[in-house]
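Here's the structure we're looking at; comments come further down.
The values are calculated or read from the model by the stated rules, or taken from the named source; none is laboratory data. Everything quoted here is computed from the prediction, not taken from an experiment. With ideal geometry, Cβ positions are generated from the backbone for all residues, glycine too; neighbour counts draw on all protein chains shown. Areas reflect the complete protein model, heavy atoms only, side chains present, ligands, DNA and RNA absent. Shrake-Rupley method; radii C 1.70, N 1.55, O 1.52, S 1.80 Å.
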Amino acid sequence: MLNLVLFGPPGAGKGTQSQKLIARYNLVHLSTGDLLRAQISRGTELGLKAKKLMDEGLLVPDEVVIGMIGSALQENQQAAGFIFDGFPRTVPQAESLDRLLAAHQTKVSCMVALEVKEDELVKRLLERGKTSGRPDDQDEAKISKRVTVYNTETAQVAGYYATQNKFHALNGIGAIEDIFGQICSILDQHQVGTSENSTQATKEVKA
């Protein structure tokens, strides 16, 4: 199973690349933002709470997000793999994701981080805000706050995956197809490694 953590600050291009990766590798896209917005559209208690936090540029509690991801894994047990987009955002979340995946007899294959400078992120998000309708895409102060949260908390997750030799950083500025090609090269390498490990494990069992 191929499980990718697609990483990067708001506006780095994760959504665009996710759609292309889904089509190529037949993965299930698990975006915490999409999961939360689905709750919001249904007007649930969780959705209302999440909307208030998201509008303020704040994060939703870990246990809520982990619960939603766990349900999504359960509903897609036959998937070839998953793209985790927007999660984990902190080291404790990464540790929780490892435990959750282990319970489903799988693990994170690799983490790819799209790196983009803040001035470019602000420009991209303000442009996206013209059509997205999201309040947090239309206010430069809220955008800066989201980027600050990423830089002070989320970026630490890179170190967590680096210790597992799963971290890869890419320049998120450039042609979409070029960036996509670089991500595919990384995933293909991990797929080969996973296949070889699986074959070796099978041989050991037979022996």
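Cα centroid separation, region 155-190 to region 54-104: 19 Å. Partner aspartates and glutamates whose Cα lies under 20 Å from the Cα of LYS145, excluding those fewer than 8 positions away in the same chain, are identified as ASP55, GLU56, ASP62, ASP85, GLU115, GLU118, ASP119, GLU120, GLU127, ASP136, ASP137, GLU153. Under a Gaussian network description of the chain, with springs only between Cα atoms under 10 Å, the residue in GLN39, GLN77, GLN17 that fluctuates furthest is GLN77.
For a label point 7 angstrom out from the Cα of GLU153 toward its Cβ, which stretches of region 79-94 have the backbone nitrogen within less than 13 Å? Correct set: 87-94.
For the chain, the dipole from Cβ point charges (+1 on Lys and Arg, -1 on Asp and Glu) about the Cα centre works out to 300 debye, to the nearest 20.
Total lysine pairs in region 45-127 at Cα distances under 29 Å, for residues eight or more apart or on different chains: 5. Accessible-area rank, largest first, for MET1, MET54: MET1, MET54, with all protein chains present and a 1.4 angstrom probe.
Which order do the peptides 111-118, 3-10 come out in when sorted by mean C-beta neighbours inside 10 angstrom, highest first?
3-10, 111-118
Within the accessible area of region 18-159, the carbon and sulfur atoms contribute 50%, probe 1.4 Å, all protein chains present.
For GLU56, neighbours were defined as the other residues whose beta-carbon sits under 13 Å from its Cβ, and their charges (Lys and Arg +1, Asp and Glu -1) total +4.
Within the set (i) 1.22; (ii) 1.37; (iii) 1.04, the number that Cα Rg over 2.2 N^0.38 Å takes when calculated for this structure is listed as (iii).
Taking each residue as 0.36 nm, the span from ALA175 to ASP98 lengthens on full extension beyond its C-alpha to C-alpha distance by 24.5 nm. Of GLU63, GLU140, the order by accessible heavy-atom surface (1.4 Å probe, DNA, RNA and ligands excluded), from most exposed downward, is GLU63, GLU140. Label-to-label distance for TYR25 and ASP62 is 2.5 nm, based on points extended 7 Å past Cα in the beta-carbon direction. Remark: spin-label model distance LYS117-GLU140 equals 1.6 nm, labels positioned 7 Å along the Cα→Cβ axis.
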